[in-house]
Amino acid sequence: MGQQDGSRDAEMAQSTSAEAPASSEYRVLQGPLFKKLGTDPTSQKVIRLTRKVGSTLKTTGKTWTGPSGGRWVEQLPTEKPGWLLIEGPGFGQPGPLLDPVQPGEEEPIVLFALSPIDDSPLCEICLKPSQTVRHAKRWLALRLPGLQVNRIAVAKEKPSDKTHGMGLRNFPANWILEDETKLKDTPFKDGGELVFFYMGDAAEDVAAAAAAPTTS
């Protein structure tokens with residue numbers, strides 16, 4: 001991702017805004033996580049953390065927004081004090097890393113996805129049962145830049161002896177899930193695979209996205 005170093009330097013610059021506590025628990029949506037060590041959110045010391053997708057982290061609820069727009073939340077000092085990145089530029093992780101947990105919210109499911117290019121492990125996606133198939137598609141496109149949401153077809157299950165790039169010709173049409181279908185109305189279970197096909201040349205689309213000029 002272009003301008004990463006510059007964005008990161010700007011993000012480490014002195015602080016601007018802090019917000020009042022809103023939630024004490026955040027859910028991990030993707031990784032790795034990024035943590036500024038210490039009680040000062042303008043700290044330049046940042047480490048990577050590995051946490052299980054779908055797990056939760058306890059925070060004070062206090063958030064801070066840096067000059068580049070990155071949002072951070074203060075972690076409870078049960079281990080080492082610090083600030084966790086919620087979402088922001090300069091770290092090569094598009095999309096939110098953390099999501100505030102609302103009181104009484106539904107328990108999410110975590111699905112794994114394979115690359116449409118070579119069937120290698122792509123990512124894990126944390127989804128709420130009330131969210132839709134289209135929401136899952138957006139996550140796939142976010143995690144593999146270049147994929148186009150309207151070319152992704154999510155299926156109820158995978159053909160028994162086929163892979164992502166094969167077997168669609170004889171695949172029953174009623175096994176393809178509509179965008180508006182809620183995850184709770186699909187066969188997907190926590191820990192299972194998010195089965196999808198890419199109706200195009202995934203390798204070509206990903207390569208084109210990687211070659212495209214970036215904006216600052």
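Observations on the structure shown:
- Modelled FRET efficiency - R0 41 Å, ARG48 with GLU178, Cβ distances, 0.05 increments: 0.60
- On full extension, the segment bounded by GLU157 and SER24 gains 44.2 nm, given 0.36 nm per residue less the C-alpha separation.
- Each residue of the stretch 145-159 is assigned a 3J(HN,Hα), and the resulting list reads x, x, 5, 9, 3, 6, 9, 8, 10, 8, 10, 5, 7, 8, x Hz, derived from the Karplus form 6.51 cos²θ - 1.76 cosθ + 1.60 (θ = phi - 60°), x at Gly and Pro.
- Cross-link table LYS58/LYS184; LYS52/LYS184; LYS45/LYS80; LYS36/LYS58; LYS62/LYS184; LYS80/LYS128, entries beyond 24 Å C-alpha to C-alpha: LYS58/LYS184; LYS62/LYS184; LYS80/LYS128
- Loop GluC sites (Glu not before Pro), the stretch 171-216 (other Cβ atoms within 10 Å of the site Cβ: 14 or fewer; DSSP): GLU178, GLU180
- Taking θ as phi - 60° and the Karplus parameters 6.51, -1.76 and 1.60, the scalar couplings of the stretch 87-104 work out to 6, x, x, x, 10, x, 10, x, x, x, 8, 10, 9, x, 8, 8, x, x Hz in sequence order, x denoting glycine and proline.
- DSSP-loop GluC sites (Glu not before Pro) across the stretch 45-110, with at most 14 other Cβ within 10 angstrom: GLU79, GLU105, GLU106
- Amide proton proximity set for ALA155, modelled H, under 5 Å, gap of 5+: LEU177, VAL195, PHE196, PHE197
- Interchain or long-range residues, amide H under 5 Å from LEU98's placed H: LEU29
- Förster-model FRET efficiency, 45 Å R0, ALA212 and THR78, C-beta, rounded to 0.05: 0.60
Coordinate-derived values only; no laboratory data. Predicted, not measured: the structure shown is a model, and the values here were computed from it. With ideal geometry, Cβ positions are generated from the backbone for all residues, glycine too; neighbour counts draw on all protein chains shown.
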